[in-house]
Amino acid sequence: MSPTSDTQRSAAEPRPGEGRAPAPIDLPEGGAQLLGLTAQADLVDFEMLTASAPMAPSLSQRIDVATLAADQLGRFERIGAQLTAQELVVPEVLGPYREALDAFAGATRAGDWASSVLRALLVNGLRADFVTAIHDGLDEQLLALVQPGPTAWRISDFAGRALADALDADPAGAGALALYGRRFAAEAVGQIQRLVAREVELTSLVARAAAARAGERHAVESAGDELGVVSELLEHLMAEHGKRLARLGLGG
């Protein structure tokens with residue numbers, strides 16, 4: 001990509017409402033926790049993208065990654081502004097998710113360019129599948145804050161092309177990337193299960209939202225029901241992760 005690519009231009013484009021404090025929205029029980037989880041994930045993704053930039057094989061790609069990381073930070077700031085509008089302290093809301101997401105980032109940290117762009121693809125895919133699964137149970141304003149949006153699609157587009165180029169240049173590297181993809185899944189499951197066990201309000205919101213999409217709103221009547229729905233959701237996320245690896249030629 002050239003230094004004047006669409007990826008790089010996107011960071012310079014003004015965003016609607018940028019610079020103005022947002023009005024607080026009505027949050028359901030668990031809504032602040034969902035925003036905290038999303039914002040902490042955005043922050044970690046920004047850090048991981050930034051760390052991957054020096055591994056880029058060309059200066060143009062390095063600039064692109066830096067630009068995408070800046071966009072990712074912009075998503076974090078948007079949620080932070082809403083939490084502030086709710087008169088909440090941003091670090092306090094994000095704090096419960098720091099340990100799990102930092103542990104996940106550390107366990108899946110990429111050691112080379114191909115792994116770093118694969119990680120970006122897998123993270124974006126996992127987060128998109130999660131939001132799709134709870135989409136029907138969230139109101140429009142909350143959904144607008146947690147859905148992936150254009151930044152995630154730009155990252156996936158860039159990472160998909162970069163991964164294809166890396167595999168063309170080194171087809172033998174597919175085996176190591178496939179192993180990385182399986183390790184990514186195992187680490188994701190472990191950290192999600194930790195959060196489910198600890199963050200009761202978030203788990204309840206996610207379970208009821210997922211049940212609403214499945215047409216089972218009235219089936220969630222107890223904590224046991226909630227855990228059952230979340231367990232099914234986790235199985236679905238891992239199944240979609242496996243399909244994603246297969247589409248990339250990294251399944252099996």
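Some notes on this structure:
- Accessible area per residue, Å², the chain with all protein chains present, probe 1.4 Å: 48 Å²
- MRE, 222 nm, helices only [DSSP H, n ≥ 4, -39500 (n - 2.57), over the chain, to nearest 500]: -25000 deg cm²/dmol
- Within the accessible area of the stretch 132-252, the carbon and sulfur atoms contribute 55%, probe 1.4 Å, all protein chains present.
- Point-to-point label distance, residue 77-residue 231, nm (Cα→Cβ direction, 7 Å offset): 4.4 nm
- Loop-located GluC sites (Glu not before Pro) in the stretch 68-133, at most 15 other Cβ atoms within 10 Å (DSSP): 87
- The stretch 167-218-the stretch 71-123 distance, computed between alpha-carbon centres (Å): 15 Å
- Using the alpha carbons alone, the radius of gyration of the stretch 130-189 stands to its Kirkwood radius in an Rg to Rh ratio of 1.13.
- Kirkwood Rh (inverse of mean 1/r, distinct Cα pairs), the stretch 48-116, angstrom: 13.8 Å
- 11 Å cut-off, amide nitrogen to a point 7 angstrom out along residue 182 Cα→Cβ, residues in the stretch 223-252: 251-252
- Calculated FRET value between residue 174 and residue 213, using beta carbons and R₀ = 35 Å, to 0.05: 0.55
- Hydrodynamic radius by Kirkwood, which averages 1/r over all alpha carbon pairs of the chain, in angstrom: 18.9 Å
- The stretch 10-148: radius of gyration over Cα atoms, expressed as a fraction of 2.2 N^0.38 Å: 1.09
The values are calculated or read from the model by the stated rules, or taken from the named source; none is laboratory data. Everything numeric here is computed off the predicted structure, so don't read it as measured data. Cβ: placed from backbone, ideal geometry, glycine included. Neighbour counts: every protein chain shown. Accessible surface areas use protein heavy atoms only, side chains included; no ligands, DNA or RNA. Shrake-Rupley method; radii C 1.70, N 1.55, O 1.52, S 1.80 Å.
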